[in-house]
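The values are calculated or read from the model by the stated rules, or taken from the named source; none is laboratory data. Keep in mind it's a predicted model, so treat the numbers as computed, not measured. Cβ coordinates were reconstructed from backbone atoms using ideal geometry, including for glycine residues, and neighbour counts include every protein chain displayed. Protein only, heavy atoms only, side chains kept; ligands, DNA and RNA dropped before computing areas. Shrake-Rupley method; radii C 1.70, N 1.55, O 1.52, S 1.80 Å.
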Amino acid sequence: MSTLVVYYSLSCGNTERVAEMVADALDADIEAIETVEPYPGDYQEVVDQGKREVERGYEPAIEALEFNPADYERIVIGTPTWWYTMAPAVATYLSEYDWRGKTVVPFQTHGGWPGETLDDIVDACDGARIEHGISVQFDSTGGDRMITPLSDVERWIDSLK
């Protein structure tokens, strides 16, 4: 099955770390979602801006991507959790494509408050077949220490093979 891993990651790169693990194990293409306007400031400033964006349902402009999900059977989509849902950049990405007939595998990273992130991704991928996603917890200070056992993440990745 042709697989594309698409993710958005900021601060410590936790979502990127999981996305790279998935792409390596599945021999998949991988691509990062980037906003046209980078988020300025320190971690707390980005958190505050992210909260405002989520509350408004804001979808920031994102850079053009090299890989088109239409060319793949399965798309693994990763996001950090921003105020109990997906990062606004991921919402933008999901709104730009037709997911009917695709297999989507969501994953999220979070600092202890997963919210409805995985369900929100599923809802945004109308018509897709959804494979079981995973919620990966890191420390709650915006750091890069993984709380979810690595073996759990590896087992989930193995289930995608």
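Rundown of residues vs (1) more than 20 Å from I134 (Cβ to Cβ); (2) of a type outside the set (G, A, S); (3) in contact (Cβ under 8 Å) with a residue 12 or more places away in the chain, yes/no style:
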{"site": "Y7", "(1), (2), (3)": "no, yes, yes"}
{"site": "Y43", "(1), (2), (3)": "yes, yes, yes"}
{"site": "R56", "(1), (2), (3)": "yes, yes, no"}
{"site": "P60", "(1), (2), (3)": "yes, yes, yes"}
{"site": "D71", "(1), (2), (3)": "yes, yes, yes"}
{"site": "D98", "(1), (2), (3)": "yes, yes, yes"}
{"site": "G101", "(1), (2), (3)": "yes, no, yes"}
{"site": "W113", "(1), (2), (3)": "no, yes, yes"}
Next item on the list: Being of a type outside the set (D, E, K, R), within 15 Å of R74 (Cβ to Cβ) and buried (at least 17 other Cβ atoms within 10 Å of the Cβ) is the filter here, so list the residues in region 98-115 that pass it.
Entry: W99, T103, V104, V105, P106, F107
Next item on the list: All but one of (1) touching a Lys or Arg at 6+ places or on another chain (Cβ under 7 Å); (2) assigned to a loop (DSSP other than H, G, I, E, B) hold for I75, so report the exception by its number.
Entry: (2)
Next item on the list: Can you tell me which residue within region 127-148, out of those that are farther than 15 Å from V76 by Cα and in contact with a Lys or Arg (Cβ under 9 Å, 6 or more places away or on another chain), is modelled with the lowest pLDDT?
Entry: D144
Next item on the list: Being surrounded by 16 or more Cβ atoms within 10 Å (Cβ to Cβ) and aliphatic (A, V, I, L, M) is the filter here, so list the residues in region 26-46 that pass it.
Entry: L26, A28, I30, A32, I33, V46
Next item on the list: Mind telling me which of the residues E66, E55 ends up being open to solvent by 90 Å² or more (accessible area, probe 1.4 Å) and either assigned to a helix (DSSP H, G or I) or within 15 Å of D119 (Cα to Cα) (or both)?
Entry: E55
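Results for (1) aromatic (F, W, Y); (2) at pLDDT 95 or above; (3) farther than 18 Å from C125 by Cα, shown as yes or no for each residue.
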| site | (1), (2), (3) |
| --- | --- |
| C12 | no, no, yes |
| A23 | no, yes, yes |
| A32 | no, yes, yes |
| Y58 | yes, no, no |
| E63 | no, yes, yes |
| N68 | no, yes, no |
| E73 | no, yes, no |
| V105 | no, yes, no |
Next item on the list: Could you tell me whether region 113-122 includes any residue that is closer than 20 Å to V22 by Cα and in contact with a Phe, Trp or Tyr (Cβ under 6 Å, 6 or more places away or on another chain)?
Entry: no
Note to self: I'm trying to understand the selection: among the residues of region 129-157, which are open to solvent by less than 60 Å² (accessible area, probe 1.4 Å), among the small types (G, A, S) and assigned to a loop (DSSP other than H, G, I, E, B)?
What the structure shows: G133, G142, G143
Item checked: Residues of region 69-95 that turn out to be open to solvent by 30 Å² or more (accessible area, probe 1.4 Å), among the hydroxyl-bearing types (S, T, Y) and farther than 29 Å from G143 by Cβ, as a count -> 1
Check: Based on what the data block shows, is G50 open to solvent by less than 10 Å² (accessible area, probe 1.4 Å), more than 14 Å from the chain's Cα centre (by Cα) and closer than 24 Å to P40 by Cβ?
Finding: yes
